[in-house]
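Student: Could you have a look at this structure, given as structure tokens, before my questions?
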Amino acid sequence: MRIIIYNDACIVMRGAFILFKFVVKGTAFSSIDSKNVKVLENSLFGITETGKIGAIISPEEKNYEAIIQEYSEKNKLQELPQGQYILPGFIDLHVHAPQWAQAGTALDLPLYEWLNTYTFPLEAKFSDEHFAENVYSDLVSQLIKNGTTTALYFATVHRQSSLRLAEICSEKGQRGLVGKVVMDDQEQNPDYYRDATTDEALAETELFIQEVLKLNKETPQGVYPVVTPRFIPSCTDDSLKGLGALAAKYDVHIQSHCSESDWAHEFVQERFGKNDAFALNDFGLLTEKAIMAHCGFLSDEDMELFAEKGTAVAHCPISNAYFGNAVTPIAKLLNEYQVETGLGSDISGGFSPSLFDNIRQAVISSRMLADGVDKDCCSEKRGISGSSITLNEAFYLATAGGGESLSLPIGKLAVDYAWDVQIVDSKKLPIFSESEPLMEIFQKILYLLRPEDITEVWVQGRKVHDNNTKEQEVQV
């Protein structure tokens, strides 16, 4: 054997050929940065035993035809038919897993009323582990079918059912980051749904962290514990301080809501005399592994703090349209402050499990912020100039931006990144010419594709969904 450097990766060679578990031939799209998408036309993707991309070989490269021949003879070459394309798997940075059972319900209510009338009573039911099993199993399957290969989950206050969610992610092959929710403030939470005491909330969280870290050792794609104060209004100072300490002790991810709505934003200002960002930071909850959802009311000082701490924003454009009371200034976060930013569905504040839908809404919302919505205001003052984002930027949020937000090598088609992909079929799209530019096909895919057009989903080099099988789901 000899070792050579190929495409910036160290690859083991035997004779002239690279040793891969399998090779995929096809045309793919992947973000280079927040503004630019690269087309990898008719490329070969060599996948290693550990489920990573070992090399990407273009048709112009020396060993291209030889690799096709060798892996075809070994029956380890997957060649995509015409009209199928490869996209990175989507990364959903904000999912309330128990709320899948109420998706599409009562989205016309104000946030506070929606939570107390529908959401908290539903989440209380997850003390029943059988009920949790049914909901969580269906949710993870549905997200996978929608091209989501990694998801950051809020569970509930119940440790056992929260652990079951992590186990389901492990079993079904999705990369899951799961948080047991903390809600310990007896004045702000309903008696029927909260942590009994602060001490119990912290003890159960620490045990949950330990259990999921153990589970991660036997999960190839990874499953991770997440410290999860629901939001400041639901937590006492002692629990927020204790959760910050646990995150530091175990070096784990953190998630919460931050400056989501008029009500939540003003509640924190009245309680602490400062915005959510600075209050969370005081408790050690803004770190490089922290992801804060919504963030529609961040000030410039808040954005500077996020950038300084390396804390990411989970942008939830559909949910924000219902409950956010504002459009999150994504262009400003990305371009002016370089805050790491990804995309979230916010099931069930957002009705759709598809990040395709959220990509579309991200562009729509940004255009509305840029143009303004008050017809009685003059056009010069109606909107906020420079607020719109491109489709390329929205795609970045759902893929590479999510991977960067989680500090994981996912979300891009690049050497040493996980083979987390969705293979999509464009035959139902309005494409009437074989010579149509690939970037125009890319745009049509993002705007028009439906879940049934996702033919395969792979996570860490394992197929976890195949539209061609009767079961529609592949056990890994």
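Student: Using a 1.4 angstrom probe with every protein chain in place, what is the largest-first accessible-area order of R462, R164? Could the numbers behind the result be given before it?
Tutor: Numbers: R462 90, R164 50 Å².
The ordering from most to least exposed comes out as R462, R164.
Student: Points 7 angstrom from Cα along the Cβ direction at T50 and L109: gap in nanometres?
Tutor: Going by the 7 Å Cα→Cβ label model, 4.8 nm.
Student: Would you grab the residues whose amide H sits under 5 Å from the one on V226? Only those 5+ places off in sequence or on another chain, please, with H modelled 1.01 Å from N.
Tutor: V178, G179, K180
Student: Evaluate the relative contact order of segment 90-406 (contact order divided by residue number), counting alpha-carbon pairs under 8 angstrom at least 6 apart; express in whole percent. Intermediate values should be presented prior to the final figure.
Tutor: Numbers: 677 pairs, mean separation 55.6, N = 317.
18 percent.
Student: In addition: Provide R175, R271 ordered by accessible surface of protein heavy atoms (probe 1.4 Å), highest first. Could you put the intermediate results ahead of the total?
Tutor: Values: R175 5, R271 75 Å².
Largest to smallest exposure gives the sequence R271, R175.
Student: Please work out the average accessible area per residue across the chain, using the 1.4 Å probe convention, and give it in Å².
Tutor: Values: 19050 Å² over 476 residues.
That works out to 40 Å² per residue.
Student: A further question on this structure: Are there GluC sites (Glu not before Pro) in segment 25-74 that DSSP puts in a loop and that have at most 15 other Cβ atoms within 10 Å, and which ones? Mind dumping the intermediate values first?
Tutor: Values: sites: E41, E49, E60, E61, E65, E70, E73; in loops: E49, E60, E61.
Here the GluC sites (Glu not before Pro) that fit, given the DSSP loop and packing criteria, are E49, E60, E61.
Student: Under the definition of Cα pairs under 8 Å and six or more residues apart, what whole-number percent is the relative contact order of segment 63-204?
Tutor: Details: 167 pairs, mean separation 32.1, N = 142.
It rounds to 23 percent for segment 63-204.
Student: Another one. Just to check I understand the Karplus step: with θ = phi - 60° and J = 6.51 cos²θ - 1.76 cosθ + 1.60, what whole-Hz values come out for segment 102-116, glycine and proline as x?
Tutor: Working through the residues one at a time gives 10, 4, x, 10, 6, 6, 8, 8, x, 4, 4, 5, 4, 4, 7 Hz.
Student: For a label point 7 Å from the Cα of E218 along Cα→C-beta, name the residues of segment 133-160 whose backbone N is under 18 Å from it.
Tutor: What the label zone holds, given the 18 Å backbone N cut-off, is 160.
Student: Step through the table entries K241/K274; K35/K241; K52/K214, compare each Cα-Cα distance with 26 Å, and write down the pairs that go over it.
Tutor: Those over the limit are K35/K241.
Student: Between segment 140-197 and segment 56-87, how far is it from one alpha carbon centroid to the other, in angstrom?
Tutor: Centre-to-centre (Cα) distance: 40 Å.
Student: Over segment 159-239, what portion of Cα pair distances is larger than 19 Å, expressed as a whole percent?
Tutor: Tail of the P(r) past 19 Å holds 38 percent of the pairs.
Student: Between 0 and 90 degrees, rounded to the nearest ten: what's the tilt of helix 300-309 against the longest Cα principal axis of the chain?
Tutor: With rounding to tens, the tilt is 60 degrees.
Student: If you don't mind, another one. Hey, any idea what % of segment 90-406's accessible area is carbon plus sulfur with a 1.4 Å probe? Each step should come with its number before you reach the end.
Tutor: Numbers: 5190 of 11100 Å².
So the carbon and sulfur contribution to the accessible surface is 47 percent.
Student: From the gyration tensor of the Cα coordinates in the chain, what semi-axes in whole Å does the equivalent ellipsoid have, largest first, with each one equal to sqrt(5λ)?
Tutor: Working from the Cα gyration tensor, I get semi-axes of 38, 26, 20 Å.
Student: Given +1 on the Cβ of Lys and Arg, -1 on the Cβ of Asp and Glu, and no further charges, what dipole in debye does the chain carry about its Cα centre, rounded to the nearest 20?
Tutor: Numbers: 41 positive and 68 negative charges, 318 e Å.
It works out to roughly 1520 debye.
Student: Another question about this same structure. Expected output is a single nm value to one decimal: the length gained when fully extending between V373 and E308, i.e. 0.36 nm times separation in residues minus the C-alpha distance. What is it? If you can, show how the numbers build up before the last one.
Tutor: Working: separation 65, 0.36 × 65 = 23.40 nm, distance 3.29 nm.
Taking 0.36 nm per residue and subtracting the Cα distance, the gain is 20.1 nm.
Student: What accessible surface, in Å², does a 1.4 Å probe find on F22, ignoring ligands, DNA and RNA and rounding to the nearest 10?
Tutor: My reading of the accessible area for F22 is about 30 Å².
Student: Name the residues whose placed amide hydrogens come within less than 5 Å of the amide hydrogen of Y417, ignoring near sequence neighbours (fewer than 5 apart) on the same chain.
Tutor: Those qualifying (amide H under 5 Å, at least 5 residues apart or on another chain) are I53.
The values are calculated or read from the model by the stated rules, or taken from the named source; none is laboratory data. Just so it is clear, the model here is predicted, and its values are computed rather than measured. Using ideal geometry, Cβ is built from the backbone for each residue, glycine included, and neighbour counts are taken over all protein chains shown. When the accessible area is computed, the model is the full protein with side chains, heavy atoms only, and any ligands, DNA or RNA have been set aside. Shrake-Rupley method; radii C 1.70, N 1.55, O 1.52, S 1.80 Å.
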